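Participant: Handing you this structure, nothing more for now.
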Amino acid sequence: MSLDIDQTTFRALTQIAREENCDIDEIIKGAIRRDLFRRTRAKKAIRPDERLIAPLRALLADDFAYARDWQDLQKRLQYKGYALREAGAGLALVCATSGERRAKASDLGYSYTRLMRRFQAPFPGHSHAYLFHRAR
């Protein structure tokens, strides 16, 4: 297999290979390996549909704004048929009856870190409670 590389790129690769005491082939193979690894490991940026998020944000704005603590927030959300649940290192808004995920709390404008700081406590039972100490 041969690659058609322009002179500027070839000179840059030659310089790197000289500095690292290796062949240009090794530099290229390493770059390809890293790129393939990155592509297979990278999370896809899934943008929430604003047409679905905006009504939820409006419906729950007062609940997030006026809740005194985690328990109060959960009670307010429950009244409207929702609940917060752990989701990775954050929180997700779910349907209280089915548990079906509706949105990430951060999509609604309330990141887990922001809520922890405000309530001065981690979300009850959250497995990433250590984030509370980092957030403070």
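The values are calculated or read from the model by the stated rules, or taken from the named source; none is laboratory data. A quick note: this is a predicted structure, and the numbers were derived from the prediction, not measured. Positions of Cβ are generated from backbone atoms using ideal geometry, with glycine treated the same way; all protein chains shown enter the neighbour counts. The accessibility values were calculated without ligands, DNA or RNA, using every heavy atom of the protein model including side chains. Shrake-Rupley method; radii C 1.70, N 1.55, O 1.52, S 1.80 Å.
Participant: Going through Asp62, Asp35 one at a time, which residue ends up being modelled with pLDDT under 85, assigned to a helix (DSSP H, G or I) and among the acidic types (Asp, Glu)?
Facilitator: Answer to the selection: Asp35.
Participant: Sticking with this one: Give the residue, chosen from Asp107, Asp72, that is of a type in the set (D, E, K, R), open to solvent by less than 50 Å² (accessible area, probe 1.4 Å) and in contact (Cβ under 8 Å) with a residue 24 or more places away in the chain. It would help to see each step written out before you state the result.
Facilitator: Numbers: Asp72 fails: in contact (Cβ under 8 Å) with a residue 24 or more places away in the chain.
Going through Asp107, Asp72 in turn, the sole match is Asp107.
Participant: What pairs can you find where one residue is in the range 88-102 and within 17 Å of Leu60 (Cα to Cα) and free of Cβ contacts under 8 Å to residues at least 40 places away in the same chain, the other is among the basic types (Lys, Arg) and part of a strand (DSSP E or B), and their Cβ atoms are less than 6 Å apart, with a gap of 6+ or different chains?
Facilitator: From residues that are within 17 Å of Leu60 (Cα to Cα) and free of Cβ contacts under 8 Å to residues at least 40 places away in the same chain, the pairs are Ala92/Arg85; Ala92/Arg101; Ala92/Lys104; Leu93/Arg102; Val94/Arg85; Val94/Arg101.
Participant: From the list Ala54, Ala12, which residue is farther than 30 Å from Gln120 by Cβ, of a type outside the set (Asp, Glu) and assigned to a helix (DSSP H, G or I)?
Facilitator: On the way: Ala54 fails: farther than 30 Å from Gln120 by Cβ.
None of the other options fit; the residue is Ala12.
Participant: Cβ-Cβ below 6 Å, separation at least six or inter-chain, first residue in the range 118-136 and in a loop (DSSP other than H, G, I, E, B), second open to solvent by less than 80 Å² (accessible area, probe 1.4 Å) and at pLDDT below 90: which pairs?
Facilitator: Pro122/Ala129; Pro122/Phe132; His128/Ala89
Participant: Could you tell me whether any residue of the range 48-63 is of a type outside the set (A, V, I, L, M, F, W, C), within 30 Å of Arg118 (Cα to Cα) and exposed (fewer than 10 other Cβ atoms within 10 Å of the Cβ)?
Facilitator: Applying the first criterion (of a type outside the set (A, V, I, L, M, F, W, C)) to the range 48-63 yields 48-51, 55, 57, 62-63.
After this cut, where a residue has to be within 30 Å of Arg118 (Cα to Cα) as well, the list is 48-51, 55, 57, 62-63.
Of the ones still in play, those that are also exposed (fewer than 10 other Cβ atoms within 10 Å of the Cβ) are 51.
There is at least one residue in the range 48-63 that is of a type outside the set (A, V, I, L, M, F, W, C), within 30 Å of Arg118 (Cα to Cα) and exposed (fewer than 10 other Cβ atoms within 10 Å of the Cβ).
Participant: Being in contact with a helix residue (DSSP H, G or I) (Cβ under 7 Å, 6 or more places away or on another chain), modelled with pLDDT of 95 or more and either surrounded by 17 or more Cβ atoms within 10 Å (Cβ to Cβ) or closer than 19 Å to Leu131 by Cβ (or both): is that true of Leu13 here?
Facilitator: Details: in contact with a helix residue (DSSP H, G or I) (Cβ under 7 Å, 6 or more places away or on another chain): yes; modelled with pLDDT of 95 or more: no; either surrounded by 17 or more Cβ atoms within 10 Å (Cβ to Cβ) or closer than 19 Å to Leu131 by Cβ (or both): yes.
No; evaluated as a whole, the condition is false for this residue.
Participant: I've got another one for you. Can you work out which of the residues in the range 75-89 that are in contact with a strand residue (DSSP E or B) (Cβ under 6 Å, 6 or more places away or on another chain) and open to solvent by 10 Å² or more (accessible area, probe 1.4 Å) is farthest from Arg51 (Cα to Cα)?
Facilitator: So the residue we want is Arg85.
Participant: A further question on this structure: Please specify each residue of the range 71-116 satisfying the condition of being part of a helix (DSSP H, G or I), aromatic (Phe, Trp, Tyr) and within 21 Å of the chain's Cα centre (by Cα).
Facilitator: Tyr112
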